[in-house]
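Below: one structure, written as structure tokens.
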Amino acid sequence: MNKELKNQLIKIAEKKIPDTDVSHDFQHALRVLSNAERIAKEEGGDLDIIVPSALFHDLVVYPKNHPDKHKSQEESAEEAERILNA
């Protein structure tokens with residue numbers, strides 16, 4: 001993945017990731033990205049898939065006891081798809 005595209009995705013993630021839960025905020029996404037890139041380098045992963053996946057995995061975060069908590073992953077994936085197809 002080229003650096004310009006990666007930086008664009010990081011800026012989008014910073015705007016889109018809610019800051020309501022510190023364990024799933026933008027800084028968390030950056031830590032996940034860093035770990036994912038390290039693993040990809042060691043294991044030969046595809047950064048065109050790994051970078052957006054790491055950045056956008058928590059676009060939708062429901063509070064811990066919210067009845068829709070189980071929908072967070074699917075809704076995050078749907079939102080990531082909208083972003084990446086725009």
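One table, with the values for the structure above:
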item	result
Two-site label geometry, residue 11 and residue 70: point separation in nm, points 7 Å out along Cα→Cβ	4.0 nm
Local electrostatic count, residue 69, Cβ distance below 15 Å [Lys/Arg +1, Asp/Glu -1]	-3
Long-range HN-HN contacts of residue 60 with modeled amide H, under 5 Å	76
Per-selection Kirkwood Rh - the chain (Cα, Å, 1 d.p.)	13.3 Å
Dipole magnitude of the stretch 3-85 about its Cα centre (Cβ charges: Lys, Arg +1; Asp, Glu -1), debye to nearest 20	240 debye
Gaussian network model of the chain, springs between alpha carbon atoms under 10 Å - residue of 43, 14, 75 with greatest fluctuation	43
Additional length obtainable on full extension of the chain from residue 3 to residue 46, 0.36 nm per residue less Cα span	14.0 nm
Relative packing of 25-31, 56-62, which averages over residues the other C-beta atoms within 10 Å, highest first	56-62, 25-31
Number of Lys pairs (Cα under 18 Å; 8 or more positions apart or on different chains) in the chain	6
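Rule-based calculations on the coordinates, nothing more; no lab input. Owing to the predicted nature of the structure, the values given are computational and were not obtained by experimental measurement. All Cβ positions, even for glycine, are placed from backbone atoms using ideal geometry, and neighbour counts span all protein chains on display.
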